[in-house]
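The values are calculated or read from the model by the stated rules, or taken from the named source; none is laboratory data. Computed from a prediction, not measured in an experiment: that's the story for all the values here. With ideal geometry, Cβ positions are generated from the backbone for all residues, glycine too; neighbour counts draw on all protein chains shown.
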Amino acid sequence: MSRRSLSILAGAVFALVLAIVAMVTMNLSPTGRSGGGMGTADIGGPFTLTAEDGTTVTEADFLGKPTAIFFGFTFCPDVCPTTLYELSGLIDDLGADADRLNFAFVSVDWERDGPEQLALYTSSFDDRIQGLAGTEEQIEAITKAYRVYYRKVPTDNGDYTIDHTASVYLMNGEGGFVGTLSYGEAHDSMLEKLRQLAAKG
């Protein structure tokens, strides 16, 4: 099996695990809380990152409204632009409900993706999607808290790409994990999940 096939398989297995965790969380946790709350899935938690304008952002800045958070990088050739384009369409379709949610894009590429690079990149998508950067230590901390898989992969030209989790994490207003939007999931299915998330607050 090729390295690319193994990477795709690893991503698919991780997405399946997240889906199972999401089902367990939604079925067994009456509050839908986790990641420091009283849920069954230990996903989410404290973090410190830098916004596109250079200001410091922590998990506290997202509390009070549910959040859709995606992990990727600006040099990503396919999954990231596709996901952010789809997310922009979902935000548009949500209408006024979109303002009841936070949307974040966290770069796992601390070497190349600073605030300015993220601002340039996210300008191609809905302006409600916040780009967040961090140091190696900060990215290690948040990806560990959110159980995000990512791995730097050398390319033939001496550069590198990054394999990473392709799901969008859905967190409630208390910072608890409640589910995911899977890469390639039907648009209407994702839209309904976001509507329900917005309605629950």
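Below is a table of values for the structure above.
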item: Residue check, THR74 among the β-branched types (Val, Ile, Thr), at pLDDT 95 or above, assigned to a helix (DSSP H, G or I) and more than 11 Å from GLY175 (Cα to Cα); result: no
item: In the stretch 115-139, residue farthest from ARG151 (Cα to Cα) [restricted to those that are outside any helix (DSSP H, G or I) and in contact (Cβ under 8 Å) with a residue 60 or more places away in the chain]; result: GLN130
item: Verdict on ALA98 being over 16 Å from the mean Cα position of the chain (by Cα), at pLDDT 95 or above and closer than 23 Å to GLN196 by Cα; result: yes
item: Lone unmet requirement of (1) part of a helix (DSSP H, G or I); (2) in contact with a Phe, Trp or Tyr (Cβ under 8 Å, 6 or more places away or on another chain); (3) of a type in the set (Gly, Ala, Ser) for GLY175; result: (1)
item: Selected residue [under 24 Å from ASP163 (Cβ atoms), surrounded by 15 or more Cβ atoms within 10 Å (Cβ to Cβ), touching a Lys or Arg at 6+ places or on another chain (Cβ under 9 Å) and of a type in the set (Ser, Thr, Tyr)] from THR74, THR122; result: THR74
